[in-house]
1. Only one of L28, L43 is open to solvent by less than 90 Å² (accessible area, probe 1.4 Å), part of a helix (DSSP H, G or I) and touching a residue at least 24 places away in the same chain (Cβ under 8 Å); which?
2. Output the number of residues of segment 51-91 satisfying the condition of being part of a loop (DSSP other than H, G, I, E, B) and either surrounded by fewer than 11 Cβ atoms within 10 Å (Cβ to Cβ) or modelled with pLDDT of 80 or more (or both).
3. Specify which of the listed residues (E58, E37) is touching a strand residue (DSSP E or B) at 6+ places or on another chain (Cβ under 9 Å) and among the acidic types (D, E).
4. Kindly indicate whether L11 is modelled with pLDDT under 85, in contact with a helix residue (DSSP H, G or I) (Cβ under 7 Å, 6 or more places away or on another chain) and more than 20 Å from V96 (Cα to Cα).
5. I'm checking my understanding of the structure. Among residues of segment 14-25 that are in a helix (DSSP H, G or I) and free of Cβ contacts under 8 Å to residues at least 24 places away in the same chain, which one is surrounded by the most Cβ atoms within 10 Å (Cβ to Cβ)?
Amino acid sequence: MKELNVPSDLLEPPLLDGKEQSLIEDYLQLIIKKLDEWSANLLKTELADFTKREEPPEIDNDGLYGAQGAVILFQMVNQQVDLATESGQGAILARVVSE
């Protein structure tokens with residue numbers, strides 16, 4: 001609690017009580033599970049929209065077809081990478097990126 005200028009002997013019992021790694025692992029497992037879930041839902045939605053063909057596929061400036069789902073997927077991944085970077089824990093960033 002250096003930021004708050006509170007002596008560590010006043011912090012009894014310790015907030016995490018040495019379980020920081022367990023908390024990090026739980027967080028990583030949750031993020032991996034959620035990214036898998038979000039990706040599957042996104043793919044299901046994109047596939048359903050494509051097969052219905054209620055609207056023509058998106059075409060970019062180069063005349064190439066695209067899907068909004070790809071943009072959303074990269075936004076989701078970038079958000080998780082940003083959060084992992086802000087945590088200051090290199091292991092979290094490495095695991096989020098590798099998954």
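1. Numbers: L43 fails: open to solvent by less than 90 Å² (accessible area, probe 1.4 Å).
Sole residue among the options that is open to solvent by less than 90 Å² (accessible area, probe 1.4 Å), part of a helix (DSSP H, G or I) and touching a residue at least 24 places away in the same chain (Cβ under 8 Å): L28.
2. Start the filter on segment 51-91 by keeping residues that are part of a loop (DSSP other than H, G, I, E, B), which leaves 53-57, 60-64, 67, 88-89.
With either surrounded by fewer than 11 Cβ atoms within 10 Å (Cβ to Cβ) or modelled with pLDDT of 80 or more (or both) added as a condition, the list becomes 53-57, 60-64, 67, 88.
Total meeting the criteria: 12.
3. On the way: E37 fails: touching a strand residue (DSSP E or B) at 6+ places or on another chain (Cβ under 9 Å).
Result of the check over E58, E37: E58.
4. On the way: modelled with pLDDT under 85: yes; in contact with a helix residue (DSSP H, G or I) (Cβ under 7 Å, 6 or more places away or on another chain): no; more than 20 Å from V96 (Cα to Cα): yes.
Judged against the criteria, L11 is not a match.
5. The initial filter retains those residues of segment 14-25 that are in a helix (DSSP H, G or I), namely 20-25.
With free of Cβ contacts under 8 Å to residues at least 24 places away in the same chain added as a condition, the list becomes 20-23, 25.
Working: E20: 12, Q21: 10, S22: 10, L23: 10, E25: 14.
The qualifying residue surrounded by the most Cβ atoms within 10 Å (Cβ to Cβ) is E25.
The values are calculated or read from the model by the stated rules, or taken from the named source; none is laboratory data. Since the structure is predicted, the reported quantities are computational estimates derived from the model, not experimental observations. Heads up, the Cβs are rebuilt from the backbone with ideal geometry, glycines too, and the neighbour counts pull from every protein chain shown. SASA here: full protein model, heavy atoms, side chains in, ligands and nucleic acids out. Shrake-Rupley method; radii C 1.70, N 1.55, O 1.52, S 1.80 Å.
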